[in-house]
Each structure stands twice: as C-alpha cells, then as structure tokens.
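Data first, discussion second: the structure below is written as structure tokens.
The values are calculated or read from the model by the stated rules, or taken from the named source; none is laboratory data. Just so we're clear, the structure is a prediction, and the values are computed from it rather than from any experiment. Cβ placement follows ideal geometry from the backbone for every residue including glycine, while neighbour counts extend to all protein chains displayed. Please note that ligands, DNA and RNA were not included when accessible areas were found on the heavy atoms of the full protein model with its side chains. Shrake-Rupley method; radii C 1.70, N 1.55, O 1.52, S 1.80 Å.
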Amino acid sequence: MNTFLRTTLMPALFFTLCGCAQMLNQNNSLNNNLTSQDAGETAATEEDHAGIPTEASHPANGMALKFAAVFSDDGDSDICSPEEIAEENAMTMMQSEIADADDLIPSEEEAIPEATQISLDRALEYCRLSQELWQKGELDKALDALDEAYSLMLDTDSENRPGVMQQIDDLRFLISKRILEIYASRNIVVNGTHKPIPMVMNDYVKDEIKNLTKGSFFIQAYKLSGKYRAMIVEELKKAGLPEELSWLPLIESGYRSNALSRARALGLWQFIPSTGYKFGLKRNKYIDERLDPEKATHAAIAYLKELHQIFGDWTTVLAAYNCGEGRVLKVIRNQNINYLDNFWDLYEQLPRETAQYVPRFLATLHIVQNLNQYGLDATPLCSPLEYETVEVDKQFHLKDIAAAAGVSQEALHELNPELRHQLIPGGDVAYSLRVPKGKSELLAAKLETIAPYAPPEKKIEIAHHRVRRGESLSTIAQRYGATVASIAQANNISRRNVIRVGKTLKIPMTKAAAKALSSANRSQRDVKHVVKRGDSLWNLARKYGTTTKKIRQANHLSSTRLHIGQTLAIPGTGSAASHKKKTYKVRRGDVPSKIAERYNMSLEKFLQMNHLSKRSKIYPGQKVFIE
C-alpha cells in the first residue's frame, strides 16, 4: 500500500474498526432509500462481495479459521469454529454492500452538481475494479484501485449537501471494508502455484552475507548439499513450492542429517519432537525419523505448505518455520492494521534468532546464485546418495549387515541415519533397509546366515534419583558411587552446577556399586521401637529421621496416642545405631583418611558410611557422616 493509504486511509479504517456500530447505523439509514433488487441480483452481490472467501469457493480451504483471531479483540481466542466463521460471513454479507451505482444516486429533490456525481461514480467504479482484482488474486493492484477511489472521494466537495455527505460516508465504509477483506485474504490465500521467494538486498542481508562468507561453515555446508539437494528439489517441484527452499537446510543444519540444536531440534530440517510428530515423523526406542533426510523433507514440505496457507508470504513463512506460527501470529496481532505491507515491518518485533534467520536465508540465495563473486564456483559438491532397499524382519546390528554386504558400517549408517543405535527394529513389520547400489541381491541372499543381534550383558545399572533441595551433582554422585561426568552425560546436562529440585536424574552405576547400594537399602528397612515413658510420635519421628505420618501409616494408627510397651515399626530408617551418626562439614584441605583419624574411625568404616570409594573425592562444604 502506498504512502497515501498509509497516512490518509488507514485512520479511516481504524475508525471503522473501533466505531463499526455507528457506521452500520448510518448505513442502515441509507438502506431505507436504496432500490430493492430481485433474488438473482442479491445472489450475484453475495457471490461478488462476500467478505471472506468460503471453503467451497476458494483454494484457501477455510484457512480463515486460523486467522479469525488476528482481527479479534479477544487475545485468548486463537481459532474460531466453522459455525462462527459461517455466521461472521453471513453478517458480512448482511452489511450494506452498495453493489450498484444506482445505490448512491440521491433523491430527485436534491440537486447534485454533475461534476460531483461523476467523481463519486468514478470512485465507485474503482471499488468495483478493486473487487475484481482481489478475486483474481492481484492484491496490490486491488489496493491501488481503492487508493484511487479514496482520493476521488476526498476531492469531492460536499458543500453541506446531505446527499453528497451520505454518499461519501457510504464510500468510506465500503473502501474500509474492502481493505479489511484484502488484508485478511492476504493471510489465507494461496493463489495457484506458489510465488517465488522475493530476492531482497538490504543492510540486514548484506551483514549476513559477510557472516556466511567468513570461516569454513558455508563451504562445508555447500559441499554437503550435493548429497541431498537433488532429492529435495525433486520433492519441492512435486509439491509446487519454490526450488529456492532447497537451500533452507543449509542454515538449519548445514546439511548434516544428525545436527542437534540447543532446543533439541534434530536432523536436516531441525524438527522438534512435537512438530515432527504432527507431520508424521515417528520416534521410538530404535528409530527417529527426524534423522531421515527423505522423510524429514516430506514433513518439512507439508509444514511449509501449511504455513504458506496461513501467511501467504514466504519471508513470513520462513520466520514462522524458525520460531513457530504462534509466535509470529502474536507479533502480527500487536501490529497496526497495515502490518502485512512488508515482512520487515515485523523484523524488530521477532526473536533475535528469527530476525536473523530470514536475512540469512536470503543471503544464502544471493551467494549460491553468484558463486563466482564469492569465489565458490570451483567448490566440489558431494555425490548424491544412491541406494537400493532390502526388507529385513529380524533384529540385526548394522555392523553385521555391513560385513555380510561387503560395505563399511559408516556407509550403511549414512544411508539409514534414523536408526538411533544402528539396530534394525525387527518385529512383525519388515524394515526397509537402504544399502548401496548393487548390494541388495547379495545381502538378501545372506540374511539367513547373519546371527540376530543379542544385547550384551549390562556392565552398568541405571538408578533414578529425584533431586532434593540442597543436593548437587557431586553429592548425588558420591551417594551412588558414580561420577559427576557420567551423570551429566546420561542426563544431557551442560551446566553441571545447575540442577532443578524435583528433577529425576538417571544415575549410571557399575554393578558393584549397584550391589553395594542395594545392600545399603536393605539395611535401611523398618526397625522396631518399644515405646517408653515420654515417647510421642513427634519425638520418634525426629529421632529416626522420618515423619509422624509415615509412622502412623506403617503401624495403622488411627490416632497419635501411644502406650508404654507398644512395639512400633519405624519405616525406612535402618538400625538404631545408625541414628547415632553425626555430620561433619568438609573444610579445605580435608581428605577421608584425616577425617576418619580425627574421629577415631577406620578409613573403611568412614568410606562405607558415606558410600565412597578410595578414589572418591570430597569437596569443601560437603557434609559427611561420622561416628
């Protein structure tokens, strides 16, 4: 939309949005003077001037459902029901549609200058032209026609003539309504084949070109594109999407099928688990289809098509692909009504990573289309991956398959990256295993001679521990006879000094440590206590390090009353002697042998009490048990 509509018409449109009821009342007064039309004309008017195309009449297929909330004041409502959309469309058609020039001709009692009426008639003709252009999908030209109509309306002098003023008000309402229709459809309409991605060169794109041409990332990613891009281009052509999108994995993953982001997005197209599941990518103990370039490409195309149906603008689609359509819709909702003039209107409102994402993709397109300019024209590309498939219904390890087929295990895994542990699932449904060309018949003949996979005997046991307040990885590691590094690795913890209370951690333990822990746990079973004078549940709970609730539950007590000589089971506390333990806070320079000597304990006893080994380390501030 040009500057005129931005500065002059948009305030009128805002007035229409905020004072719609008042405008409708004015319009209803005009309806009393309008010439009635027969049923055929009414049907034509509704078809030509419906506010939002219906599912049956428009390729958008009812995507207005997803954008109804963009023009709603209710921030909590994101999606309207089909019934609400149908009702809204019916209300739109019921609003005064000024569909004929005769509708704006005043009564004979009021004389209007001929030049004035001609100007108003021309403005109405531009409104009709805008409607025709909108139906053809030429939205920018439709807005230009409305601009001309509004300009003619402003140049008309009403000279306190009620008839002229009424026509001007009606035109203003009609133009404002048309703009709402166009901007709404700009979100939901996909016009036939998808338009190419607009090539933009601005300061943002120039900065990303500089960043991409530094270092080796772009060169390495460009080389790897040779493996997958031909396949991606073929699938994009089938879907009718721009071929330029085949370069999207370059900035997503560097064309690495096993790329993993900090947000746990995985694979060539960087799907998070929930989005991958939504678009049909399976994930279980043995496979993760986000890692499969072909399956992930099909899912990415489905996602991109859905986003394009929502937004209709490829730059906005790319932003939504990066940070999610919900985030982009939220930003759009907070924009002025002319938000979709340009993606760059949203640029500064988006998350920083997303704001850089679109210019980085456009920069990639500029570079690959001008390889000579950036000295990349002689860069060799990797060869496309070619393969055959063999149906396998038993569980094998890729190492054994590779040996039988006479190929390397690495080559086989590259063709089947979705196998998380390089294990074929096996089971009732055969798995389509990809093998290098020319190897399928050989492997099929040898399958019966390959020994099925037998899992090795576990060298470690996995315990689960719920983090309590005051615990750290080091104290947890000491308790289970593990190391901080092994716990961090098992739980994908990068910041080892930060763990959340309530989080359940996997603790890898050697069999010896697991056995020792199991023995210690057995010693922590219920003990018996004979009630003496002065005993109470509260005193016993404090003495044995438990709670009154647990003691009552263990002994099926209906009240807190005890009697002398009563025998109580104290749950999970170990022997009475264990409660004579004291704690010691480790100081700088302390070692287990010095602490044991200081408190007249043997080193073995000290280590056993604290579940430590001779190789375990203790740290200043750590609390340990002593006698």
Which value, in Å² and to the nearest 10, is the accessible area of LEU607 when all protein chains are kept and the probe is 1.4 Å?
20
For segment 116-123, just list the computed ³J(HN,Hα) in residue order, Karplus coefficients 6.51, -1.76 and 1.60, θ = phi - 60°, integers in Hz, with x standing in for Gly and Pro.
5, 5, 4, 4, 5, 5, 5, 4
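Can you give the FRET efficiency to the nearest 0.05 for ALA403 and LEU260, using r as the Cβ-Cβ distance and R₀ = 51 Å? Display every interim value, and only then the final one.
Numbers: r = 29 Å, r/R0 = 0.57.
Computed FRET efficiency for ALA403 and LEU260 comes out at 0.95.
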Read phi for every residue in segment 611-625 and hand back ³J(HN,Hα) as whole Hz from Karplus 6.51 cos²θ - 1.76 cosθ + 1.60, θ = phi - 60°, with x for Gly and Pro.
6, 10, 10, 5, 8, 5, 10, 10, 10, x, x, 6, 9, 10, 8
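Please compute the Kirkwood hydrodynamic radius over segment 415-491, one decimal place, Å, based on all pairs of different Cα atoms.
On the way: mean 1/r = 0.0589 Å⁻¹.
After inverting the mean inverse Cα-Cα distance, the result is 17.0 Å.
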Looking at segment 344-426, which GluC sites (Glu not before Pro) are DSSP coil and have at most 12 other C-beta atoms within 10 Å of their C-beta?
GLU386
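What is the gain in length, in nm to one decimal, between LYS614 and LYS506 on full extension, counting 0.36 nm per residue of separation less the C-alpha to C-alpha distance? Kindly include the intermediate steps, with their values, before the conclusion.
Details: separation 108, 0.36 × 108 = 38.88 nm, distance 2.35 nm.
Result for the pair: 36.5 nm of gain on full extension.
Calculated FRET efficiency, THR547 and ALA490, Cβ-Cβ r, R0 25 Å, to nearest 0.05? Please list the in-between numbers first.
Numbers: r = 31 Å, r/R0 = 1.24.
For R0 = 25 Å, the calculated efficiency reads 0.20.
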The answer for GLU388, listing residues at least 5 apart or on another chain whose modeled amide H is closer than 5 Å to its amide H, is VAL435, LYS437
Inter-label distance, nm, simple model (7 Å from Cα along the C-beta direction), THR449/GLU353
5.0
Using the Cβ atoms and a cut-off under 15 Å, what net charge is assigned to the surroundings of VAL392, where Lys and Arg are +1 and Asp and Glu are -1?
-3
Amide H of ILE626: which non-local residues (sequence gap of 5 or more, or other chain) have their own amide H closer than 5 Å, using H built in the peptide plane?
LYS582, THR583, TYR584
Counting only residues 5 or more places away or on other chains, whose amide H sits under 5 Å from the amide H of THR510 once H atoms are built in the peptide plane?
GLU461
Determine ³J(HN,Hα), in whole Hz, for all residues of segment 274-289 in sequence, where each value follows from phi through the Karplus function 6.51 cos²θ - 1.76 cosθ + 1.60 and θ = phi - 60°; x replaces Gly and Pro.
5, 5, x, 4, 4, 9, x, 8, 7, 8, 8, 4, 9, 10, 9, 5
Can you compute the FRET efficiency between ASN202 and GLU243 using 1/(1 + (r/R0)^6), with r the Cβ-Cβ distance and R0 = 30 Å? Round to the nearest 0.05.
0.85
